[in-house]
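Notes follow once the structure below has been shown.
The values are calculated or read from the model by the stated rules, or taken from the named source; none is laboratory data. Source: prediction; values computed, not measured. FYI the Cβ positions are ideal-geometry reconstructions off the backbone, even for glycines, and counts take in every protein chain you see. The protein model used for the area step is the full one, side chains on, heavy atoms only, and it has no ligands, DNA or RNA in it. Shrake-Rupley method; radii C 1.70, N 1.55, O 1.52, S 1.80 Å.
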Amino acid sequence: MGSFASPLDAAPAPPTAKPSPPPAPAAANGLVTQEELKRVAAHRAVEMVEPGMTLGLGTGSTAAHALDRLGDLLRSGELAAVAGVPTSLKTEAHAARVGIPMLPLGEAGGIDLSIDGADEVDPELNLVKGRGGSLLREKMIEGSGGRFVVIVDESKLVPRLGCTGAVPVEVVPFGCDHTLGLVRKVFDGLPGFSARLRTVASKDGEGKEEMFVTDNGNYIVEMFFEDGIRGDLNEISDRLLRITGVVEHGMFLGMATSVVVAKKDGTVALLHKKK
């Protein structure tokens with residue numbers, strides 16, 4: 001984790017008159033809960049939103065705090081004339097519930113600012129995203145231009161991608177077992193590597209499992225690495241995307257412009273993309 005120390009800058013004061021949310025309350029041991037850290041990071045990112053912006057609205061538990069904050073500001077009149085493009089059906093429903101106007105991606109005319117969480121952030125601000133299954137829409141929207149601000153607590157900072165859990169790959173259902181085999185071949189001989197199709201508990205409640213299905217009607221291959229992904233990430237990305245049947249993967253390489261990091265003591269720091 002020491003490699004993250006040097007680029008951490010103290011968060012500057014917000015450039016607009018929007019009042020900052022109160023600091024996160026500390027637990028009895030003096031540390032802030034992970035949920036409060038998510039809220040702190042999300043609220044700090046929302047301070048970057050300006051009237052008239054079109055926003056990419058992220059998916060997940062951390063992004064949900066940003067949606068709630070945006071809704072609060074819109075209802076109070078402290079923020080106006082913004083619209084969002086949701087990265088999942090779940091986010092679309094949440095945004096509607098809190099009163100955020102929405103646009104389809106094709107009608108947005110460009111995204112000014114995207115705000116979303118991440119499962120992992122490496123020292124180069126490469127990300128693993130999409131463990132919740134929304135990686136394709138997230139990558140389409142957050143890669144469509146403008147700034148992409150990532151909101152995390154410091155537990156998401158890793159020395160290499162793939163250190164803490166699955167790296168997802170979205171695949172079409174047809175021939176999914178064949179595609180799974182081709183994904184495995186990309187890492188053939190790598191010690192500690194494994195891959196599987198994601199399943200979830202069956203809706204019939206009889207202890208059975210069924211395939212996890214994304215908002216796009218696709219399946220997810222989960223890749224696991226014993227000690228993270230080593231090697232040229234761009235080359236690995238290209239090899240995965242050349243597999244017929246692979247739709248997209250959850251490595252977001254070179255996309256984040258800034259990362260808002262909520263630290264355990266309740267303070268916030270910023271990581272900036274190297275120019």
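List of remarks:
- Check on residue 51, open to solvent by 50 Å² or more (accessible area, probe 1.4 Å), closer than 19 Å to residue 114 by Cβ and modelled with pLDDT of 95 or more: yes
- Restricted to region 192-210, and to residues there that are modelled with pLDDT of 90 or more and outside any strand (DSSP E or B), the residue that is least open to solvent (accessible area, probe 1.4 Å) is 198.
- One residue from 229, 220 being open to solvent by less than 20 Å² (accessible area, probe 1.4 Å), part of a loop (DSSP other than H, G, I, E, B) and of a type in the set (Val, Ile, Thr): 229
- Of all residues in region 128-144 being crowded, with 20+ Cβ neighbours inside 10 Å and of a type in the set (A, V, I, L, M), the one that is nearest to residue 253 (Cα to Cα): 128
- All of (1) farther than 21 Å from residue 247 by Cβ; (2) open to solvent by 10 Å² or more (accessible area, probe 1.4 Å) hold for residue 158 with one exception: (2).
- Hey, residue 213 closer than 30 Å to residue 65 by Cα, in the same structural domain as residue 197 (by the TED database) and part of a loop (DSSP other than H, G, I, E, B) or not: yes
- Given (1) in contact (Cβ under 8 Å) with a residue 24 or more places away in the chain; (2) in contact with a Ser or Thr (Cβ under 6 Å, 6 or more places away or on another chain); (3) not aromatic (Phe, Trp, Tyr), number of the condition residue 192 does not satisfy: (2)
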